[in-house]
Each structure stands twice: as structure tokens, then as C-alpha cells.
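Novice: I have a structure here, written as C-alpha cells, and I will follow up with some questions on it.
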Amino acid sequence: MPSLKELKNRIGSVKSTKKITKAKQMVAAAKLRRAEEAAKAARPYAVEMEGVLANLSAAAKDNPNAPRLLAGTGSDETQLLIVATADKGLCGAFNSNIVRLARERIVALQAQGKIVKLVCVGRKGEDQLRRLYGDLIVWKTNFVETKSIGFHEAQEIAEKVLEMFRAGEFDVATLFYGEFKNVVSQVPTAQQIIPAEAPDGVEAPDLKGAIYDYEPDEEEILRTLLPRYVAVQIFRALLENIASEQAASMTAMDNATRNAGELIDKLTLQYNRARQAQITKELIEIISGAEAL
Amino acid sequence: MAGKLHFNLVSPERQLVSEDVDQVDVPGSEGVFGVLPNHAPFMSTMAPGVVRVLNGGEEKRIFVRGGFADVTPAGLTVLAEEAVFVADLDREELARRIKSCEAAVADDEAQPETRQRAAAELGQLKELEASL
């Protein structure tokens, strides 16, 4: 049986933990709203871009000179996995879920004898992957120093990836991130970005028999469009990740706050019992002392 | 005029315009072109410049920094790399950015790549200033 003083100290420490988790939960809730808005605001661009790409790739499909970003290198020997996670913890299993999905993919690919390379975006994913696959990480970055993630940051990552692609360092690139479904569900997702796959459900517009005109020409447009497509997909993944992280953090902190509350109740009960027991004990001592006289 | 042209302007960060208009002038990389309702399907890359949107005698001007314009029977979609309403531009901010770019171009110790990029940005900013 712990002493009264010990119990009191424990209650105090759990109370301050509860204050912290409560504050973190409210911060996450506020950030979530902003992140969700940013993710929503970026959607039209990505959707329009997919439309344009679907339209162009339909035209370029039979072209033997189609850019390699669209057609691929004709091999899938070297696979690049871009794992985007958060920089901070305290968000439940959010980071671990993304890492687990990536790890399963690594194991599957290595079993097929493929070469796997890793790019880590975000500190938490890197921490977890470094232990097992430290030698596979070819490049890493994080946004610890960056206040708000804009398109510029996505573009930097895209440029790095494209540079590696041009140097022939990999054949297929897949992006891992947590897709933001809603506040209670964030789904770890893998998406192939190189070679670009025309997304499902987007059809080239019906031209009613008219002929599409391109300026300067199809290939030139594809050449500028595809690198941007990669950047846009990365940007979208980053925004989804931020929203997911905040949502996961909010849920995790809500649970933590509730647990702390329950623990405080339990400890308070124990404390009161111990106090009562002590009073009773003292009374018995006094009474038996008086009776002995 | 028969009908209106549905015009969408999106930048990676957000959607700026989505409405029915009379005419849009787009700064294509091979020259400015106007788009009227029922334009033939057409796709072009864009040079940095100003998109003019005409609607019922009103004119809106939006600075874009490269991107794509896509004309389909459904309307015109502009995918801009960066887009700002000309009315929202701040002259002082612009002058400041031009100055910092000029400094970067003049910096002899910087990497040639960085200087090149700064020079390109400087050209775009000058263009933007001229459009004010």
C-alpha cells in the first residue's frame, strides 16, 4: 500500500500530464481545420491536372517516342519508395501505419529479387526505417525547420526524384502517405508516380469529332507537364499527410486525456480509502490506549 | 454571342476562378491568344504574363507564372504554377523582390545554377511590374 504522500504526488503528476494532452488535442484540432482546408483547396488543381494528363496520355499511348516518365524505362528492376511521414510523434499509430505498409512492400519486392531504394520525407518515418533498412535510404528530408509546407517544398522533393530518374537510378517510384479520409480514419496509401499512371475514372473529354490542337506540340507539352505532375502528386500527398497527422494526433490525445481522467479518479479513490484507513487506525489506537488504562 | 465560356483558373494551392465569362486572353508560350465560347479543343503551355478575363464589360487581370491552358468543349481550364490577382499585388513587395533577385544575379560567388534561376525570376518579376 503506497503512502498518502506517494499517492498525492502521483495524482499531481497525472493531472499535469492530462493538462498537456488536453492542450495538444486542442492545438491539433485547430491545426486540423487549417490543414483540411489546405488539402481541399489543392484538390481542384490535382483533379484538373489528372484530366489534362488523361487527355494527353490517350493521345501519346501509341507513340513510341513517348517520354519515359509516362512510358517507363521498360523495366521494374530498381524500385524507389518515397515514404512521407510526419516529423512529430504524439499522433497514435499514424507514422507506424505508413511505415508498416512501406515495410511490407520492401519485403515483397526484395523477395522478388528487386533492388529497393528509399527516400524518407519526415523524421519519424526515417527513424523507424533506419533501424532495419538504413543502407537502403538514398536521400532524406524533413520539414522540422519549415513553418508551413507550400508547393515550393514539394517541388524540391520532385526535382530531386526526377534528377535521380534522369540519372537512371531507378525505374519505378511509389509514394507512401496517409490519405485523409475523415477525422477518424486515415488510410496509409501507396501510389505509383513514375511512370505516371493515368488515374482511374478520369476520361478524356468528348470532343464531338473535333481535332485537338497543341501548342507548341504534344511532346513538348508532355515534357513540361509530367515533371509538374510528379510535383503535384507529392504536394497533394504532403497536404493529405499533414491533415491526417493532425487528425490522428487529435484522436490520440483525446484518448490520452480520457485515460488520464480515469486514472485520476482511480487514484483519488485509492487516496481517500488510504486516508480513511489511517484515520480509523489512529482512532483504534486512541481507544485501545484509553481502554487499557 | 452564343452562350458563355466556362473558365477555371487553379494554382497548386487553391482555385482562384470558376465562373462563366465572355472572353479570356491567355499568354501562350507562342503568343497571346483569346478564347471565346465554343473554341476548338486546344492545349498550350503558358509564358509568364497576365490572363485577362472579360465578362459583361468587366475586366479582371490575373498574373500567372507559367503553366498550361486547356480548352475543351466544356470550357477553358488554366493550370497556373503561381497565380495572383493583379489588383492584389503590392508594388513595394514587388520592388523588394526585384531588388533581392538583382542582388542574387550580381553575386559572383553564388552557384551558376542559383544565378540562372534568379535571372529567370527577375525577368518574370520585371514583366509583372510592367503589367501594373
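Bear in mind that the values in this text are calculations on the coordinates, not laboratory data. Note that the structure is a prediction, hence the values are computed from the model and not measured. Every residue, glycine as well, gets a Cβ built from its backbone with ideal geometry; the counts of neighbours run over all protein chains shown.
Novice: So for the protein assembly as shown, considering every pair of alpha-carbon atoms, how many percent are separated by more than 28 Å?
Specialist: 61 percent
Novice: Let me ask something else. To the nearest whole number, what is the average tally of beta carbon atoms from other chains within 10 Å of the beta carbons of peptide B:85-91?
Specialist: 0
Novice: What is the Cα coordinate range of segment A:241-293 on the first, second and third principal axes, sorted by size from largest, in whole angstrom?
Specialist: 77, 9, 5
Novice: I would also like to ask the following. So what's the Cα pair-distance distribution over segment B:1-53, bin width 5 Å, in %?
Specialist: 5, 18, 27, 29, 16, 5, 1
Novice: Could you give the distance between the Cα centres of segment A:222-269 and segment A:87-147, to the whole Å?
Specialist: Rounded to whole Å, the Cα centres lie 16 Å apart.
Novice: What net charge do the residues around B:PHE85 carry, taking every other residue with its C-beta under 15 Å from that of B:PHE85, with Lys and Arg at +1 and Asp and Glu at -1?
Specialist: Overall, the nearby charge balance is -2.
Novice: Then there's this: In nanometres, what is the gap between the two model label sites at A:GLU285 and B:ALA74, each 7 Å from Cα along Cα-to-Cβ?
Specialist: Between A:GLU285 and B:ALA74, the simple spin-label model gives 8.4 nm.
Novice: Averaged over peptide B:41-48, how many Cβ atoms belonging to another chain are found within 10 Å of each residue's Cβ?
Specialist: Counting Cβ atoms of other protein chains within 10 Å of each residue's Cβ and averaging gives 5.
Novice: Could I ask something else about it? Suppose we look only past 25 Å in the calculated P(r) of segment A:1-118. What percent of the Cα-Cα pairs does that tail hold?
Specialist: Of the Cα pairs, 61 percent sit more than 25 Å apart.
Novice: Pop out the ³J(HN,Hα) list for segment A:219-229 in order, Karplus 6.51 cos²θ - 1.76 cosθ + 1.60 with θ = phi - 60°, rounded to Hz; leave Gly and Pro as x.
Specialist: 5, 4, 5, 4, 4, 7, 6, 5, x, 5, 4
Novice: I would also like to ask the following. Which value in nm describes the separation of the simple spin-label points at A:ASN182 and B:LEU36, placed 7 Å from the Cα toward the beta carbon?
Specialist: Going from the A:ASN182 label point to the B:LEU36 one covers 4.9 nm.
Novice: Give me, ordered by chain and number, the residues 5 or more places off A:ASN142 or on other chains with an amide H under 5 Å from its own placed amide H.
Specialist: Long-range HN contacts for A:ASN142: A:GLY122.
Novice: Something else about it: Using only the Cα atoms of segment A:76-153, what are the Rg and Dmax in Å?
Specialist: That works out to 13.0, 41 Å for Rg and Dmax.
Novice: A follow-up question, please. Give me log10 I(q)/I(0) at q = 0.10, 0.15 Å⁻¹ for segment A:32-248, Debye formula, one equal scatterer per alpha-carbon, no solvent.
Specialist: Ignoring solvent entirely, the Cα scatterers give -0.45, -0.99.
Novice: Return one number: the angle in degrees, 0 to 90 and rounded to the nearest 10, between the long axis of the Cα atoms of helix A:151-166 and the longest principal axis of the Cα atoms of chain A.
Specialist: 60 degrees
Novice: Compute the angle between helix A:4-60 and the longest alpha-carbon principal axis of chain A, please, reported from 0 to 90 degrees and rounded to the nearest 10.
Specialist: Once rounded, the angle reads 10 degrees.
Novice: Once you have a ≥ b ≥ c as the square roots of the Cα gyration tensor eigenvalues for segment B:33-109, tell me rounded if a/c is under 1.5, and otherwise prolate or oblate according to whether a/b is larger than b/c.
Specialist: Note, shape of segment B:33-109 comes out oblate.
Novice: If you restrict to DSSP beta bridges whose two residues both lie in the protein assembly as shown, what percentage is antiparallel, to the nearest 5?
Specialist: Here the share of antiparallel DSSP bridges comes out near 65 percent.
Novice: In nm², what is the average projected area of the convex hull enclosing the Cα atoms of segment B:90-131?
Specialist: The number I arrive at for segment B:90-131 is 2.6 nm².
Novice: Place +1 on the Cβ of every Lys and Arg and -1 on the Cβ of every Asp and Glu in segment A:32-248, take the dipole about the Cα centre, and give the residue among A:LEU225, A:VAL172, A:LEU118 whose Cα lies farthest towards its positive end.
Specialist: The one lying farthest along the dipole's positive direction is A:LEU118.
Novice: Taking every alpha carbon pair in chain B, what does the distance histogram look like in 5 angstrom bins from 0, in percent?
Specialist: Per 5 Å bin, starting at 0, the Cα pair percentages come out as 2, 10, 19, 21, 17, 12, 8, 5, 3, 2, 0, 0.
Novice: Within straight cross-link reach of B:LYS99, meaning Cα distance under 29 Å, which lysines are found once same-chain residues fewer than 8 apart are removed?
Specialist: A:LYS147, A:LYS160, B:LYS60, B:LYS126
Novice: Enter the angle in degrees (range 0 to 90, nearest 10) between the Cα long axis of helix B:91-106 and the first principal axis of the Cα atoms of chain B, meaning the one along which they spread out most.
Specialist: In chain B, helix B:91-106 runs at an angle near 50 degrees to the longest axis.
Novice: Cα-Cα over 30 Å: which of A:LYS15/A:LYS140; A:LYS22/A:LYS124; A:LYS88/A:LYS117; A:LYS18/A:LYS124; A:LYS40/B:LYS4?
Specialist: The answer is A:LYS15/A:LYS140.
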